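Student: Here it is, the structure, as structure tokens.
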């Protein structure tokens with residue numbers, strides 16, 4: 001399992017608001033796919049998936065404001081074939 | 001950082017939006033280092049990602065009657081208005097080649113607008129805690145951006161002609177009750193778009209060195 005963490009976004013930005021999840025829980029994602037769109041007061045940006053697998057649990061939903069460093073979701077990495 | 005300047009002139013918002021995406025793809029695939037798009041828009045209201053629709057004070061029917069289009073777009077920020085009396089600049093910049101810092105980039109955009117206005121003898125400034133550029137308590141530049149793969153798009157709009165300012169009353173700009181001003185209001189005369197564009201392109205170049 002890999003954690004999806006809200007990374008450092010530059011000086012002075014301590015939180016961001018989830019504006020859009022590109023995938024639903026359980027859906028397959030590839031590493032570096034755009035996973036979630038976030039918004040600060042005047043900018044939006046995407047967070048890529050840190051791993052390939054299935055989107056596990058989403059802890060924060062659209063409209064939620066999240067501090068930097070927080071875990072947004074988990075990626076269940078697929079078992080070896 | 002090098003960038004190519006595009007001038008779309010007076011253009012429909014939707015067309016310019018698509019053009020931004022084309023330039024974005026070129027920057028993403030590396031066929032263009034970065035691009036700076038200048039244009040003016042026919043009257044349009046755009047809603048940023050976290051916009052509150054109640055900040056549009058007229059019904060859609062009323063807006064249609066007045067020939068004002070409404071778009072929900074992927075930039076940050078609340079609601080804004082664009083019209084032919086504004087100069088709009090869309091920097092499609094590869095920030096990964098500079099610094100991956102969203103707030104720094106917003107402050108740089110403000111700095112570029114402030115330096116451009118100074119060339120016209122206007123003392124504009126930032127207001128603490130708010131994005132944008134102000135002359136006294138009135139706003140002259142609005143900013144809202146999107147960043148994907150550390151490439152920016154959307155950008156800033158600078159009010160030039162005072163005729164357009166009335167349409168800001170159709171909305172609560174950025175979700176706030178703020179007064180808007182324009183270059184013409186402050187100077188008491190018309191300002192040339194071409195001159196301002198040239199000036200701003202130069203300030204972009206200086207800032208992105």
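Student: Among residues belonging to the range A:49-64 that are closer than 14 Å to residue A:37 by Cβ and modelled with pLDDT of 95 or more, point out the one that is surrounded by the fewest Cβ atoms within 10 Å (Cβ to Cβ).
Tutor: Filtering first and then ranking leaves A:61.
Student: Would you mind listing the strands (runs of 3 or more DSSP E) fully within the range B:123-168 where at least 1 residues are free of Cβ contacts under 8 Å to residues at least 60 places away in the same chain and more than 14 Å from chain A (Cβ to nearest Cβ)? Walk me through how you get there before you give the answer.
Tutor: Numbers: elements: B:133-135, B:138-148, B:151-159.
Of the strands (runs of 3 or more DSSP E) lying wholly inside the range B:123-168, those with at least 1 residues that are free of Cβ contacts under 8 Å to residues at least 60 places away in the same chain and more than 14 Å from chain A (Cβ to nearest Cβ) span B:133-135, B:138-148.
Student: May I ask you to list pairs of residues, at least six apart or on different chains, whose Cβ atoms are under 8 Å apart, with the first in the range B:60-76 being without any contact (Cβ under 8 Å) to a residue 40 or more places away in the chain and the second being part of a strand (DSSP E or B)?
Tutor: These pairs meet every condition: B:60/B:70; B:70/B:44; B:70/B:45; B:70/B:46; B:70/B:47; B:70/B:56; B:72/B:46; B:72/B:47.
Student: Pull up the range B:82-122, narrow it to residues that are touching a helix residue (DSSP H, G or I) at 6+ places or on another chain (Cβ under 7 Å) and assigned to a helix (DSSP H, G or I), then point me to the one that is nearest to the other protein chains (Cβ to nearest Cβ).
Tutor: Among those residues, the one meeting the criterion is B:105.
Student: Moving on. Out of B:102, B:68, report the one residue that is buried (at least 20 other Cβ atoms within 10 Å of the Cβ), modelled with pLDDT of 95 or more and on the phi < 0 side of the Ramachandran plot.
Tutor: B:68
Student: So, in the range A:8-52, of the ones that are assigned to a strand (DSSP E or B) and over 18 Å from residue B:146 (Cα atoms), which residue ends up farthest from the chain's Cα centre (by Cα)?
Tutor: Once the filter is applied, the top-ranked residue is A:28.
Student: Taking the range B:175-205 as the search range and keeping residues that are more than 19 Å from residue B:7 (Cα to Cα) and touching a helix residue (DSSP H, G or I) at 6+ places or on another chain (Cβ under 8 Å), which one is surrounded by the fewest Cβ atoms within 10 Å (Cβ to Cβ)? Walk me through how you get there before you give the answer.
Tutor: Applying the first criterion (more than 19 Å from residue B:7 (Cα to Cα)) to the range B:175-205 yields B:175-190.
After this cut, where a residue has to be touching a helix residue (DSSP H, G or I) at 6+ places or on another chain (Cβ under 8 Å) as well, the list is B:175, B:180-185, B:190.
Working: B:175: 16, B:180: 20, B:181: 20, B:182: 21, B:183: 27, B:184: 18, B:185: 16, B:190: 11.
Once the filter is applied, the top-ranked residue is B:190.
Student: Go through the range A:27-47 and count every residue that is in contact (Cβ under 8 Å) with a residue 12 or more places away in the chain and either out of contact with any strand residue (DSSP E or B) (no Cβ under 6 Å at 6 or more places or on another chain) or buried (at least 18 other Cβ atoms within 10 Å of the Cβ) (or both).
Tutor: Residues meeting the conditions: 14.
Student: Which of the residues belonging to the range B:33-70 are assigned to a strand (DSSP E or B) and over 30 Å from residue B:208 (Cα atoms)?
Tutor: If the condition is that a residue be assigned to a strand (DSSP E or B) and over 30 Å from residue B:208 (Cα atoms), then B:56, B:69, B:70 are the ones that fit.
Student: Within the range A:3-17, can you find the residues that are more than 10 Å from chain B (Cβ to nearest Cβ) and either modelled with pLDDT under 95 or surrounded by 18 or more Cβ atoms within 10 Å (Cβ to Cβ) (or both)?
Tutor: The answer is A:4, A:6, A:14, A:15.
Student: Now a separate question. Quick check on my filter: what residues within the range B:16-31 are in contact with a strand residue (DSSP E or B) (Cβ under 7 Å, 6 or more places away or on another chain) and touching a residue at least 60 places away in the same chain (Cβ under 8 Å)?
Tutor: B:16, B:20, B:23, B:24, B:27, B:28
The values are calculated or read from the model by the stated rules, or taken from the named source; none is laboratory data. All values derive from a computational prediction rather than experimental measurement. Virtual Cβ from ideal backbone geometry, glycine too; neighbours counted across all protein chains shown.
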